[in-house]
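The values are calculated or read from the model by the stated rules, or taken from the named source; none is laboratory data. Predicted model only: the values in this text are computed from it and were never measured. Note that each Cβ is placed from the backbone with ideal geometry, even for glycine, and that neighbours are counted across all protein chains shown. Surface areas here come from the heavy atoms of the whole protein model, side chains and all, with no ligands, DNA or RNA. Shrake-Rupley method; radii C 1.70, N 1.55, O 1.52, S 1.80 Å.
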Amino acid sequence: MTLDSDIKFLKGVGEKRAQLLAKELNIVDVRGLLYYFPFRYIDRSRIYSIGEITEDTATFVQIRVRVEGFRLIGERAKRRFIAEVCDPSGRAELVWFKGINWIQKKLRPGDEIIAFGRANIFNGKLSIVHPEVESPFKLPDRSVDSSVQGVYSTTERLNDNGLGTKAIYKLVCLMWPQVEHLIEETLPEWLIEKMGLVSLRTALYEVHFPRSQQALERARLRLKFEELLGVQLQILSLKNHRIKVCRGYCFSKIGEKFNGFYSRRLPFSLTEAQKRVIREIRADMGSGRQMNRLLQGDVGSGKTMVALMTMLIAVDNGFQCSLMAPTEILATQHYKSICEQLGDVDVKVELLTGSTKNRDRADIQARLAAGQIDILIGTHALIEDVVQYKNLGYVVIDEQHRFGVEQRSRLWSKGAEYLPHVLVMTATPIPRTLAMTLYGDLSVSVIDELPPGRKPVKTLHFAEGARMKVNAFLRSEIDSGRQVYVVYPLIKGSEKLDYKNLEDGAEMLADEFPPPRYVTSVVHGKMKPAEKEYGMRLFVKGETNIMIATSVIEVGVNVPNATVMVIESAERFGLAQLHQLRGRVGRGSEQSYCILMTKDGLSSDSRKRIEAMTRTTDGFEIAELDLKLRGPGDLMGTQQSGLAFEFKIASLAKDGQVLELARSVAEQILARDPELAAPENEKLSELKRKYSVAHSADFSMIS
Ligand code: ADP
Ligand code: MG
């Protein structure tokens, strides 16, 4: 047997369970089970007395009790078998809904048993549903010497087929002596020694059967470090490779367009952060290598100006640029503001979107191919379209953080010498740990400073009781000429979800804010794009003063006159989303407000989110917290995030420190041995291979 052997060959598994494990948990070989780690541990050496168990004690408890008697109650689905049990400190109930016949035969009044399971306290009485029951005189024989039992996640189907969490634990116990001698070290000896890590065999043993808390922590550290090191070796090698081979256009000069704009047209002085980022981009563009840069900056930090000025550098060097926005409204806004800002600077700018008329489209395409257009602005769909440039040198992509290698490769137009430089801009603050993993092969710039004079948005939290007060406030803001947003989590009412919805809200607002003085726009995701655009446009032009919307408005539009963002049932939204929505206001010189309306009695997670929103406007702080509360899976989903591998133990949300450590170790190793060709790095080379990044095939195409 090897670790690659089919799981069915392990003692205690067999054909049927092997099939189940494969189907439900994707465990197909011995290694799969060996690397199937507990998500929690229970101290089985500890026996609680019934009297000491309260709602605050451990959720899982073990009690040693005497069986007093039984009751069988309820009909059909409600039918349940209850064993009354007691110990000297109190009484409790053990409850079964399933397997009643079996447990009825197994238990006798007067039996001494050990019952283990999740504690429920109802009306002051302890009950445990579907406990594990053992005789205290027959503790299971253990091939392992840990008094702590791993809790393995399982599925309903496995559970129904006798593979509940405890059965999996038993399988792992049975497996250990069969495989122990097969485990081969995966990290080089020198690295283990240098980092003071435990061996793989020890780590795997302790993670399943920890002998102490410290041993468990050492084991987990070793396993996490290995995973994160593998990823970092992979990503950094790709990056180094790309830097070496991906040659790009060299924009060596700063010419009259950039200088003319800078000296005559720039309407404000740049922030230090904007200057720094422009310098970073300029250096990349002049390096002779293709730039791939992610520009992060909070809403309102002035990313568009950076885009414009760096596009002028490209134009000065005789190249065309394109700027892509996620929606037509945004593309149109960019077009207008860029034309206005350029003024008499001689740069040809055009707008191409889904609603460009066919005749204009043909004309634009012809001029583009002839090199008569310098900057083309449009939607992301431009990437998909067959738009041919004469010499596209630089592409800016606004408000997008999922712009993978694959999309990048699509920018390569036929006959072009190199791939254009790429700048991806996003206001979604991606926490460092996540960026390091997702964009390890990109360079990252951050605008961490807002233009001067911006007043931070004041964020307030109210419950339903304050509704009148909030309405009065909205009225006073609108009466002094400003506009407000009111955002709902749902379009229609739902029986299942107790949240505010846009339809009811619109009715309420129509009563409270009657025309002609108050005029509303409505925008939501079920509307046709043209209807959405229309509603949006009225608000942008100031013809309506209340925008009733769902979160579809979260991205990008700029209405400086809007000063209030009301978010209904704010508890329903994630932190990142709340922050994006809040970013719609505070874009002018007036004081702006974000009002979070919630129900009373929030869950503790919701309370933390709302509290964070009222405390800080720092997008990065919020993103870090969001990642902690929700985990990166929720933030983007592993598949969308472009991670082709799955972590068995490391967590991007929680293991930032280990990740940074792994990254710096990977950097040092690659600096000395870029190809991992040295004999002492052979194991690292294998480790790296396990973590090939999604679409890495595209890299070979590009390089
Ligand atoms: P975002 O980063 O959210 O895309 P924008 O580029 O839309 O931000 O900028 C928001 C507003 O701030 C715009 O009206 C822009 O003209 C203005 N702005 C940008 N940079 C500065 C600056 N250095 N000083 C003052 N205003 C600025
Ligand atoms: Mg923007």
> Per residue, how many Å² of accessible area does the chain show with a 1.4 Å probe?
Replying inline: 47 Å²
> How big is the Rg/Rh ratio for the range 1-65, C-alpha atoms only, Rh by Kirkwood, two decimals?
Replying inline: 1.22
>> Over the Cα atoms of the chain, each weighted equally, I'd like the Debye log10 I(q)/I(0) at q = 0.07 Å⁻¹, rounded to two decimals.
In response: -0.65
> Which residues' amide hydrogens lie under 5 Å from the amide hydrogen of residue 445, considering only partners 5 or more residues apart or on another chain, with H built in the peptide plane?
Replying inline: 294, 295, 296
>> Quick check on packing: order 146-153, 11-18 by the mean number of other C-beta atoms within 10 Å, highest mean leading.
In response: 146-153, 11-18
> For the peptides 589-599, 521-531, what is the packing order when you average, over each peptide's residues, the other Cβ atoms within 10 Å and list the highest mean first?
Replying inline: 589-599, 521-531
> What ³J(HN,Hα) values, in whole Hz, does the Karplus curve 6.51 cos²θ - 1.76 cosθ + 1.60 give for the range 661-677 when θ = phi - 60°, with x put for Gly and Pro?
Replying inline: 4, 4, 5, 6, 5, 4, 4, 4, 4, 5, 4, 7, 9, x, 9, 6, 9
> Over what distance in Å are the Cα centres of the range 484-533 and the range 1-72 separated?
Replying inline: 49 Å
>> Going by amide H atoms built from the backbone, whose H comes under 5 Å of the H on residue 289, apart from near neighbours?
In response: 248
> So what are the radius of gyration and Dmax for the Cα set of the range 281-334, in Å?
Replying inline: 12.4, 35
> What list of ³J(HN,Hα) couplings, whole Hz, do you get for the range 450-457 from phi and the Karplus terms 6.51, -1.76, 1.60, once you set θ to phi - 60° and write x for glycine and proline?
Replying inline: 8, x, x, x, 5, 8, x, 5
> Once the dipole of the range 518-628 is set up with Lys and Arg at +1 and Asp and Glu at -1 on Cβ about the Cα centre, which of 561, 540, 597 lies farthest towards its positive end?
Replying inline: 540
>> Please report the antiparallel percentage of DSSP beta bridges with both residues in the chain, rounded to the nearest 5.
In response: 35 percent
>> At 1.4 Å probe size, with the rest of the protein present, what percent of the exposed accessible area of the chain is carbon and sulfur atoms?
In response: 49 percent
>> Full-extension gain between residue 180 and residue 531, please, as 0.36 nm times their residue separation minus the C-alpha to C-alpha distance.
In response: 119.9 nm
> P(r) of the range 216-372 in 10 Å steps, Cα pairs, percent per bin?
Replying inline: 9, 29, 30, 18, 9, 5, 1
> Hey, what do the phi angles of the range 342-350 turn into as Karplus ³J(HN,Hα) couplings, whole Hz, using 6.51/-1.76/1.60 and θ = phi - 60°, x for Gly and Pro?
Replying inline: 5, x, 8, 5, 7, 9, 8, 10, 9
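For the pairs 357/526; 500/608; 303/357; 194/608; 11/98, flag any whose C-alpha to C-alpha distance is greater than 32 Å.
Distance filter (> 32 Å) returns 194/608.
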> How do the peptides 178-187, 341-350 rank, highest first, by the average count of neighbouring beta carbon atoms within 10 Å per residue?
Replying inline: 341-350, 178-187
> Distances over 27 Å make up what percent of all Cα-Cα pairs in the range 34-182?
Replying inline: 26 percent
> Stokes-Einstein at 10 °C, 1.306 mPa s, Kirkwood radius from Cα pairs: D for the range 462-582 in µm² s⁻¹?
Replying inline: 109 µm²/s
> Considering amide H positions built from the backbone, and no H for Pro or chain starts, which residues 5 or more places from residue 547, or on another chain, come under 5 Å of its amide H?
Replying inline: 484, 485, 486, 521
> Which distance in nm do the two modelled labels at residue 79 and residue 497 give, with both placed 7 Å along the Cα-to-Cβ direction?
Replying inline: 3.8 nm
